[in-house]
Amino acid sequence: MNEIINEEQINSLLDIKANESQINEILNKALLMKGISLEETAKLLNIPDNNEEELKKLFDAAKLLKEKIYGKRIVLFAPLYASNYCSNNCVYCAFRRDNKNIKRIHLTPAQVVEEARAIMQLGHKRIVLLTGEDYIHSGLDYIEEIMDRIYHEKVFNGEIRRININIAPLSIEDFKRLNSFGIGTYQLFQETYKKDLYSKMHPAGKKSNYEWRLEAMDRAMEAGISDVGIGPLFGMTDYRFETLATLMHANHLDQKYKCGPHTISVPRIEHAQGVDFSDNLPAPLTNIQFKKLVATLRLAVPYTGIIMSTRETPALRRELLDLGISQISAGSKVNPGGYTDNIATEQFELGDNRTLDEVIRELVDNNFIPSFCTACYRSGRVGKDFMDLAKPGLIKRFCNTNALATLGEYLLDYASEDTKKAGLAMIDKEIDAIEDPKLKNLAKEKVNLVKNGNRDVYV
Ligand code: SAM
Ligand code: SF4
């Protein structure tokens with residue numbers, strides 16, 4: 001038994017239901033933005049999938065809370081896969097070592113830089129760097145070299161300003177080293193929090209050790225990494241179990257380190273080449289259930305960013321933005337070399353193949369502010385300091401201005417003519433709508449700096 005996940009407790013809550021007035025009470029409590037208990041979370045997850053009236057109340061509450069805390073901004077990023085060699089055998093993944101008929105590539109540092117430059121060319125400022133778990137090719141020396149090289153690259157007016165990392169878990173010593181490279185968030189998905197099932201899904205390699213993975217975020221935080229990102233991989237077992245376990249994990253970090261996870265990701269298993277399991281999932285998740293769990297997470301951990309990738313379709317992504325998602329990937333490739341030669345096999349099939357420009361245009365049309373902001377971690381607003389600003393609602397001050405300034409950069413440097421026109425009109429409208437005169441002037445000043453040719457302008 002570990003001190004992070006208590007499966008018995010989760011199982012005892014799993015089927016707990018609430019009547020209409022109890023649901024109303026939970027939603028009212030959630031809107032106070034202090035979070036809700038595991039039991040209350042279970043009750044929300046157990047709103048029947050066909051109870052449209054109750055679901056609407058849940059979705060409306062999530063939307064309201066999201067707008068209160070995050071306003072309209074949506075942060076954008078792109079994944080960069082450096083290698084699809086892997087020594088593990090995760091049953092759902094195309095990169096598993098027994099998947100013999102795929103095209104594998106380990107990018108050299110120079111090739112990674114080319115990928116990063118292609119991503120910069122699209123207008124991105126933030127990436128998540130991923131590799132298979134392969135100690136021969138992709139050790140820490142390799143990560144250090146490629147991060148250093150990426151941070152020193154510039155394409156046109158832009159550069160990558162934040163590199164988040166999603167690689168196999170490390171020892172405390174190695175996490176300290178990783179931290180010294182200037183990472184943003186360290187992300188790692190537990191995949192499934194059910195220990196027995198975890199062993200079946202991860203039959204070989206270092207990843208078969210459940211505890212080593214589960215305790216990774218404790219080691220990361222002890223090593224001084226302030227922002228960590230957690231998540232399950234939905235599709236292996238009951239989504240309610242995984243959602244409650246994710247919250248238990250978040251609560252553990254919050255209690256022990258006085259700072260919960262910076263982000264929670266909500267990936268679902270998608271079709272992966274040569275992987276029958278990915279097409280015959282034991283616990284596929286319907287879209288209604290997916291919406292329900294995102295809305296519930298939003299209410300349960302109001303200050304944690306929720307990340308959604310291009311695994312999902314454009315239509316569903318649109319709906320989920322309203323329910324609590326605060327960060328999305330766009331224009332993504334999930335194979336090493338995908339942004340340049342696109343030869344290697346993808347980790348899974350994408351649900352959204354639109355370009356970054358198309359996604360930005362849609363966000364603007366739907367009244368969301370696309371943001372390329374990377375200011376917080378560069379200004380030291382990370383970990384507990386970030387949460388201390390986020391909780392009383394003070395972080396919004398920075399976010400709105402930075403979102404408008406970085407959107408301005410994107411529009412002027414990378415956007416198509418139509419997107420540029422729509423986006424610049426949005427910026428003017430948003431500045432007009434700021435009520436606080438000080439904040440209005442601040443936003444005007446920063447956006448004008450960008451319009452006058454300055455870049456990387458932030459507060
Ligand atoms: N190899 C490392 C690991 O597993 O932690 C680093 C990241 S791996 C490239 C990124 C994530 O992709 C995994 O943690 C897993 O959750 C997800 N993944 C694997 N196969 C997938 C599939 N078929 N569909 C969707 N996501 C998948
Ligand atoms: Fe390797 Fe990660 Fe894929 Fe597992 S999920 S096979 S560890 S790349």
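Every number in this text was worked out from the coordinates using simple rules, so none of it is lab data. In this text the structure is predicted, and so the values were computed from the model without any measurement. Don't worry about glycine lacking a Cβ; one is built from the backbone with ideal geometry, like all the others, and counts go over all protein chains shown.
By its C-alpha gyration tensor, with a ≥ b ≥ c as the square roots of the eigenvalues, how is segment 373-459 shaped: rounded for a/c under 1.5, else prolate for a/b larger than b/c, else oblate? Since a/c reaches 1.5 and a/b is larger than b/c, the shape of segment 373-459 is classed as prolate. Ranked for footprinting exposure by Cβ neighbours inside 10 Å, fewest first, Glu417, Glu222 give Glu417, Glu222. The fewest-to-most ranking of Ile360, Ile47, Ile160 by surrounding Cβ atoms within 10 Å reads Ile47, Ile160, Ile360. Backbone geometry of segment 77-88 corresponds, through the Karplus equation with coefficients 6.51, -1.76 and 1.60 at θ = phi - 60°, to 3J(HN,Hα) couplings of 8, 10, x, 10, 8, 8, 7, 10, 6, 8, 9, 9 Hz, x marking Gly and Pro. What is segment 188-316 by shape, rounded, prolate or oblate, if you read a ≥ b ≥ c off the alpha carbon gyration tensor as root eigenvalues and call it rounded for a/c under 1.5, prolate for a/b larger than b/c, and oblate otherwise? Verdict is oblate for segment 188-316. Straight Cα distances below 25 angstrom link Lys206 to the lysines Lys100, Lys103, Lys176, Lys194, Lys195, with same-chain residues fewer than 8 positions distant left out. So the label point goes 7 Å from the Cα of Lys200 along Cα→C-beta, right? Which residues of segment 234-250 then have their backbone N under 13 Å from it? Only 236-238 pass the distance filter. Taking a 23 Å limit on the Cα-Cα distance, which of the listed pairs Lys200/Lys333; Lys34/Lys57; Lys125/Lys420; Lys43/Lys207; Lys396/Lys440 fall beyond it? Listed pairs above 23 Å: Lys200/Lys333; Lys43/Lys207.
Taking trypsin sites (Lys or Arg not before Pro) across segment 114-203, the ones in a DSSP loop with at most 15 further Cβ atoms lying within 10 angstrom of their Cβ are Lys154. A simple spin-label model places pseudo-atoms 7 Å from Cα toward Cβ; at Glu222 and Asn366 they are separated by 4.2 nm. Take the Cβ atoms of Glu445 and Leu31, set R0 to 30 Å, and the FRET efficiency comes out at 0.30. A simple rule links phi to the HN-Hα coupling: the Karplus curve 6.51 cos²θ - 1.76 cosθ + 1.60 with θ = phi - 60°, which for segment 135-152 gives 7, 6, 8, 10, x, 5, 4, 5, 4, 4, 5, 6, 5, 4, 5, 5, 4, 8 Hz, with x for Gly and Pro. Taking the Cα centre of the chain as reference, the dipole from Cβ charges on Lys and Arg (+1) and Asp and Glu (-1) amounts to some 940 debye. For segment 266-274, the Karplus equation 6.51 cos²θ - 1.76 cosθ + 1.60, evaluated at θ = phi - 60°, returns couplings of 10, x, 10, 5, 10, 4, 10, 4, x Hz by residue, with Gly and Pro reported as x. Ranking of Phe290, Phe181 by neighbouring Cβ atoms within 10 Å, starting from the fewest: Phe181, Phe290. Of Ala283, Ser21, Ala61, which is farthest along the charge dipole of the chain in the positive direction, counting Lys and Arg as +1 and Asp and Glu as -1 at C-beta? About the Cα centre, the residue reaching furthest to the positive side is Ala61. Computed on the chain, with alpha-carbon pairs under 8 angstrom and 6+ residues apart, the relative contact order is 20 percent. Taking 7 Å steps out from each Cα toward its Cβ at Leu14 and Glu67 produces label points 3.7 nm apart. The Cys residues in the chain with no partner Cys Cβ within less than 4.7 Å of their Cβ are Cys86, Cys259, Cys373, Cys376, Cys399.
Express in whole angstrom the spacing between the alpha-carbon centres of segment 1-36 and segment 362-390. Rounded to whole Å, the Cα centres lie 28 Å apart.
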